[in-house]
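Undergrad: Below is the structure I would like to discuss, written out as structure tokens.
The values are calculated or read from the model by the stated rules, or taken from the named source; none is laboratory data. On a predicted model such as this, the values are computed, not experimentally measured, just so you know. Quick reminder, even Gly has a Cβ in these numbers, built from the backbone with ideal geometry, and neighbours come from all protein chains shown. Areas reflect the complete protein model, heavy atoms only, side chains present, ligands, DNA and RNA absent. Shrake-Rupley method; radii C 1.70, N 1.55, O 1.52, S 1.80 Å.
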Amino acid sequence: MPSDALLELVCPAGSLPALKAAVDNGADCVYIGFSDQTNARNFAGLNFDLSSARAGVKYAHGKGARVFLALNTYPQAADWESWRGAVDKTAALGVDAIILADFGLLRYAADEYPDLRRHLSVQGSATNYEALNFYYEHFGVCRAVLPRVLSMAQVEQTMAHARMEIELFGFGSLCVMVEGRCALSSYVTGESPNTHGVCSPAKMVRWQHTARGLESRLNGVLIDRFAGDEHAGYPALCKGRFIVNDESYYAIEEPTSLNTLAVLPEMLRLGVAAIKIEGRQRSPAYVAQVTRVWRAAIDACKRDPESYAAQPAWLREMDRIAEGQQHTLGAYHRPWK
Amino acid sequence: MKLAIGPVLYYWSREAVWHFYEEVATAPVDIVYLGEVVCSRRHELRLPDWLDLAEDLAASGKEVVLSTQALLESESDLKRLRAVADNGRFAVEANDVGALRLLAGQTAFVAGPHINVYNPPTLAWLAGLGAKRWVMPVEMSREALRYLLPHARGMEIEVFAHGRLPLAFSARCFTARHHNLSKDDCQFRCLDYPDGLPLRTREGERFLAINGIQTQSARVYNLVGSVAELRVFGVDVLRISPQARHSIRIAGLFRAAMDGSLDPAAAAAEMEDLMPDGACDGFWRNRPGMAPVGEEQWP
């Protein structure tokens, strides 16, 4: 369903300084999370406690920006109370929306806080309109973030039949698997986005200089080995080099970032409500830079979509901070598949 | 406790599929899941073929469930989903939330392993939707299951007990990518890999198996040694995920271990040579999933 809101810029804030950087550089909305397992970006030293979240909401609202709070992990069996408590805390903060994935939490939020907007997290794995409408009918979800697996034609078809606003990823590290459906990390480390809010957790990473090069391991499994002149990336296990039929290569995905600046007019035409920028683990300086470029691009696109073109300077600036210094349109672009 | 044969996750030739289910018909299993779960381009059998097989298996006394595709992206995916949901005869396994929408209140259904259920309120809510059976997510541990069981509210509990673990789905086809083919012109290369395409680390460790858009574990998850414990928990159904060879023999060994006519440790030992790679059971023991069976020390 096309919405009244069009191409809102939704920016990541892993800390209060990052939130301010996003707001000051033109974010329409920022999304934050608590510094615990209720957060799918549960990185050491990042995210919000109650007092910094209050300060963040006050700052953003003072400058006309909205705040979404993500409780986007799946409550684990023995620990339901801490997730339920996080919904209560979120409601008390006065945020503009809560981002959820779990059926039980959606039910609880809809029953207890019916006036708090409920967005479906990308971790909810809704890749088709039957799934989206199920979340709408059962839990009153009014916006959903689509997993990064659909082509533009599939996005259009999905939006034509979905009864809610749609938010799409625009920029950031590319998850090549369907979000909410990947247990690769827990297979290797015992912790996954669904269970612990982490993928390839840093505490399981080891770097070792060997005669064959710099090796990166995840819980002992060799993820990659770098020659002296190679840029050594973080050993996310799906972005390592492996051997298939005696050929060694990035068998699943190269280190690369998603960047959809080139297709903004198409997203505007479809009635996409918002563009989400990934990166709550990133620095305030990164957030400021990405927000500035995307604000300029979205404004240019809305002003005159016919003559819009992604400016080379924007793309250069984004590539400098992209994973592996390269970008892709991902699944939006059919040949990527 | 009942024994189930899960859906064939690989792309096998039509003849291989037919032959496999001829054997299943006389194997000591109670429930058979049929249908294409992984890839919409796999057409060796179409729905009428699956329904023919379903009738044959039902005539052999098996409970038949039709499984739906786990990743639904296009209108044609949804069209196939609707045809399965509306089959009018057999129960359906929902492997996506979209399938839940079509099945709840309409058709007897099983909530498959790809629906995210990790906590008591979610499980109770799912039971309220009318699911007759719930298949636990593969990464769930016995401790978590213990917390969840009291909230199943009459649903049967099924556990993925043997097979390469389905770990992830992607928009991208990694088999086509390996052959430098586009997904839309994959030339059906999955037919060449009836147990998936092995992916090794650069040290030669067999790590994962590529199965089109699905990524599996290389190691075979095997809970046969935990059969007694699964029974004590009150688990109703154990699932064997088919592999290219030996699945019927593995089913026989499971049945013997479940019936008490064979010591579970002996059954596990007999299975060692029947799997494409070594065995693991880490998820069940709340460890990294790849932890080998019986390995107590893990970093």
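Undergrad: Would you mind stating whether B:Ser67 is surrounded by fewer than 18 Cβ atoms within 10 Å (Cβ to Cβ), over 25 Å from A:Ala110 (Cα atoms) and more than 8 Å from every other protein chain (Cβ to nearest Cβ)? Write out each step before concluding.
TA: Working: surrounded by fewer than 18 Cβ atoms within 10 Å (Cβ to Cβ): no; over 25 Å from A:Ala110 (Cα atoms): yes; more than 8 Å from every other protein chain (Cβ to nearest Cβ): yes.
Taking the combined requirement at face value, the residue does not satisfy it.
Undergrad: Within the stretch A:86-115, work out how many residues are in contact with a strand residue (DSSP E or B) (Cβ under 7 Å, 6 or more places away or on another chain) and more than 16 Å from A:Phe34 (Cβ to Cβ).
TA: So the count comes out to 3.
Undergrad: Inside the stretch A:233-242, can you point out the residues that are touching a residue at least 24 places away in the same chain (Cβ under 8 Å) and either among the polar types (S, T, N, Q) or in a loop (DSSP other than H, G, I, E, B) (or both)?
TA: A:Gly233, A:Tyr234, A:Pro235, A:Ala236, A:Gly240, listed by residue number.
Undergrad: Still on this structure: Of everything in the stretch B:170-193, what is among the aliphatic types (A, V, I, L, M) and open to solvent by 20 Å² or more (accessible area, probe 1.4 Å)? Give them in sequence order.
TA: The first filter runs over the stretch B:170-193 and keeps only residues among the aliphatic types (A, V, I, L, M), leaving B:171, B:176, B:181, B:191.
Across the stretch B:170-193, the qualifying residues are B:Leu181, B:Leu191.
Undergrad: Tell me, which helices (runs of 4 or more DSSP H) lie completely within the stretch A:144-224 with 2 or more residues that are touching a residue at least 24 places away in the same chain (Cβ under 8 Å) and among the hydroxyl-bearing types (Ser, Thr, Tyr)? Walk me through how you get there before you give the answer.
TA: Values: elements: A:152-161, A:184-189, A:193-196.
In the stretch A:144-224, the matching helices (runs of 4 or more DSSP H) lie at A:184-189.
Undergrad: Which ones in the stretch A:180-196 are more than 7 Å from chain B (Cβ to nearest Cβ) and crowded, with 24+ Cβ neighbours inside 10 Å? Full working, then the answer.
TA: Going through the stretch A:180-196, the residues more than 7 Å from chain B (Cβ to nearest Cβ) turn out to be A:185, A:191, A:193, A:196.
Listed by number, the residues that qualify are A:Ser185, A:Pro193.
Undergrad: Still on this structure, please answer the following. Pairs, please: C-beta under 6 Å, at least 6 apart or cross-chain, first residue over 30 Å from A:Arg148 (Cα atoms) and in the stretch B:49-77, second open to solvent by less than 60 Å² (accessible area, probe 1.4 Å) and small (Gly, Ala, Ser)?
TA: B:Trp50/B:Gly35; B:Leu57/B:Ala25; B:Ser60/B:Ala25; B:Val64/B:Ala54; B:Val64/B:Ala58; B:Val65/B:Ala91
Undergrad: Also: Which residues, taken from the stretch A:132-150, are of a type in the set (Lys, Arg) and over 20 Å from A:Pro114 (Cα atoms)?
TA: If the condition is that a residue be of a type in the set (Lys, Arg) and over 20 Å from A:Pro114 (Cα atoms), then A:Arg148 is the only one that fits.
Undergrad: Here's a follow-up. Please go through the stretch B:77-100 and pick out each residue that is at the interface with chain A (Cβ under 10 Å from one of its Cβ atoms) and open to solvent by 40 Å² or more (accessible area, probe 1.4 Å).
TA: Within the stretch B:77-100, just B:Arg82 meets the criteria.
Undergrad: For the stretch B:101-117: of the residues being within 23 Å of A:Arg84 (Cβ to Cβ) and open to solvent by less than 10 Å² (accessible area, probe 1.4 Å), which is farthest from the other protein chains (Cβ to nearest Cβ)?
TA: Of the residues in the stretch B:101-117, the ones within 23 Å of A:Arg84 (Cβ to Cβ) are B:111, B:115-117.
The next check asks that each one be open to solvent by less than 10 Å² (accessible area, probe 1.4 Å); those that pass are B:111, B:115, B:117.
Numbers: B:Ala111: 11, B:Ile115: 9, B:Val117: 7 Å.
Ranking the candidates gives B:Ala111 first.
Undergrad: For the stretch A:33-51, does any single residue satisfy the condition of being open to solvent by less than 40 Å² (accessible area, probe 1.4 Å), in contact (Cβ under 8 Å) with a residue 12 or more places away in the chain, away from every other protein chain (no Cβ under 14 Å) and within 12 Å of A:Thr195 (Cα to Cα)?
TA: yes
Undergrad: Given the residues B:Leu167, B:Leu199, which is the only one that is more than 20 Å from the chain's Cα centre (by Cα), at the interface with another protein chain (Cβ under 7 Å from one of its Cβ atoms) and modelled with pLDDT of 95 or more?
TA: Details: B:Leu167 fails: more than 20 Å from the chain's Cα centre (by Cα).
Going through B:Leu167, B:Leu199 in turn, just one is more than 20 Å from the chain's Cα centre (by Cα), at the interface with another protein chain (Cβ under 7 Å from one of its Cβ atoms) and modelled with pLDDT of 95 or more: B:Leu199.
Undergrad: Within the stretch B:173-190, can you find the residues that are out of contact with any helix residue (DSSP H, G or I) (no Cβ under 9 Å at 6 or more places or on another chain) and more than 10 Å from every other protein chain (Cβ to nearest Cβ)? Please lay out each step first, then the result.
TA: Applying the first criterion (out of contact with any helix residue (DSSP H, G or I) (no Cβ under 9 Å at 6 or more places or on another chain)) to the stretch B:173-190 yields B:174, B:180, B:188.
B:Asn180, B:Phe188, listed by residue number.
Undergrad: In the list A:Ala131, A:Ala110, which residue meets the criterion of being in a helix (DSSP H, G or I) and either over 25 Å from B:Leu81 (Cβ atoms) or touching a Pro at 6+ places or on another chain (Cβ under 8 Å) (or both)?
TA: A:Ala110
Undergrad: Looking only at the stretch A:12-38, which residues are touching an Asp or Glu at 6+ places or on another chain (Cβ under 7 Å) and under 12 Å from A:Arg282 (Cα atoms)?
TA: A:Pro12
Undergrad: If you take the residues of the stretch A:64-105 that are in contact with a Lys or Arg (Cβ under 7 Å, 6 or more places away or on another chain) and either buried (at least 24 other Cβ atoms within 10 Å of the Cβ) or farther than 21 Å from A:Gly180 by Cα (or both), which of them is nearest to the other protein chains (Cβ to nearest Cβ)? Walk me through it before giving the result.
TA: Within the stretch A:64-105, the subset in contact with a Lys or Arg (Cβ under 7 Å, 6 or more places away or on another chain) is A:93, A:96-98, A:100.
Next, from what is left, pick out any that are either buried (at least 24 other Cβ atoms within 10 Å of the Cβ) or farther than 21 Å from A:Gly180 by Cα (or both): A:93, A:96, A:98, A:100.
Details: A:Leu93: 22, A:Asp96: 25, A:Ile98: 16, A:Leu100: 11 Å.
Result: A:Leu100.
Undergrad: What residue, among those in the stretch B:194-203 that are in a strand (DSSP E or B) and open to solvent by 20 Å² or more (accessible area, probe 1.4 Å), is nearest to B:Pro288 (Cα to Cα)?
TA: Checked the stretch B:194-203; the qualifying residue nearest to B:Pro288 (Cα to Cα) is B:Arg200.
Undergrad: Another question, then. Which residue, of A:Gly240, A:Gly228, A:Gly220, is within 10 Å of chain B (Cβ to nearest Cβ) and open to solvent by 30 Å² or more (accessible area, probe 1.4 Å)?
TA: Numbers: A:Gly240 fails: open to solvent by 30 Å² or more (accessible area, probe 1.4 Å); A:Gly228 fails: within 10 Å of chain B (Cβ to nearest Cβ).
Going through A:Gly240, A:Gly228, A:Gly220 in turn, the sole match is A:Gly220.
Undergrad: A follow-up question, please. Considering only residues that are β-branched (Val, Ile, Thr) and either more than 26 Å from A:Leu184 (Cα to Cα) or in contact (Cβ under 8 Å) with a residue 40 or more places away in the chain (or both), which ones fall in the stretch B:104-162? Before the answer, list the steps.
TA: Initially, the stretch B:104-162 is screened for residues β-branched (Val, Ile, Thr), giving B:107, B:110, B:115, B:117, B:122, B:135, B:138, B:157, B:159.
Of everything in the stretch B:104-162, those that are β-branched (Val, Ile, Thr) and either more than 26 Å from A:Leu184 (Cα to Cα) or in contact (Cβ under 8 Å) with a residue 40 or more places away in the chain (or both) turn out to be B:Thr107, B:Val110, B:Val135, B:Val138, B:Ile157, B:Val159.
Undergrad: A:Ser15 passes all but one of (1) farther than 25 Å from B:Tyr118 by Cβ; (2) surrounded by fewer than 17 Cβ atoms within 10 Å (Cβ to Cβ); which number fails?
TA: Among (1) farther than 25 Å from B:Tyr118 by Cβ; (2) surrounded by fewer than 17 Cβ atoms within 10 Å (Cβ to Cβ), the lone unmet condition for A:Ser15 is (2).
Undergrad: Which one of these does A:Met177 not meet: (1) in contact with a strand residue (DSSP E or B) (Cβ under 7 Å, 6 or more places away or on another chain); (2) surrounded by 23 or more Cβ atoms within 10 Å (Cβ to Cβ); (3) within 30 Å of A:Asp299 (Cβ to Cβ)?
TA: All conditions are met except number (3).
Undergrad: Could you tell me which numbered condition A:Tyr113 fails, if it satisfies all but one of (1) hydroxyl-bearing (Ser, Thr, Tyr); (2) over 18 Å from the mean Cα position of the chain (by Cα); (3) crowded, with 18+ Cβ neighbours inside 10 Å?
TA: For A:Tyr113, the exception is condition (3).
Undergrad: Here is a further query. Return yes or no: is A:Lys58 charged (D, E, K, R), in contact with a helix residue (DSSP H, G or I) (Cβ under 6 Å, 6 or more places away or on another chain) and either open to solvent by 10 Å² or more (accessible area, probe 1.4 Å) or farther than 25 Å from A:Cys199 by Cβ (or both)? Break it down into steps so the answer makes sense when it comes.
TA: Details: charged (D, E, K, R): yes; in contact with a helix residue (DSSP H, G or I) (Cβ under 6 Å, 6 or more places away or on another chain): no; either open to solvent by 10 Å² or more (accessible area, probe 1.4 Å) or farther than 25 Å from A:Cys199 by Cβ (or both): yes.
No; evaluated as a whole, the condition is false for this residue.
Undergrad: Please report, ordered by residue number, the strands (runs of 3 or more DSSP E) entirely within the stretch B:204-299 with at least 1 residues that are open to solvent by 30 Å² or more (accessible area, probe 1.4 Å). Please lay out each step first, then the result.
TA: Working: elements: B:206-211, B:214-222, B:237-240.
Correct list: B:206-211, B:214-222.
Undergrad: Here's a follow-up. Just for helices (runs of 4 or more DSSP H) wholly inside the stretch B:19-137: which have at least 3 residues that are in contact with a His (Cβ under 7 Å, 6 or more places away or on another chain)? Let's see the steps before the verdict.
TA: Working: elements: B:47-59, B:75-85, B:97-103, B:120-129.
Those helices (runs of 4 or more DSSP H) span B:120-129.
Undergrad: Can you find a residue in the stretch B:136-159 that is more than 10 Å from chain A (Cβ to nearest Cβ), touching a Pro at 6+ places or on another chain (Cβ under 6 Å), open to solvent by 20 Å² or more (accessible area, probe 1.4 Å) and at pLDDT 95 or above?
TA: There is no residue in the stretch B:136-159 that is more than 10 Å from chain A (Cβ to nearest Cβ), touching a Pro at 6+ places or on another chain (Cβ under 6 Å), open to solvent by 20 Å² or more (accessible area, probe 1.4 Å) and at pLDDT 95 or above.
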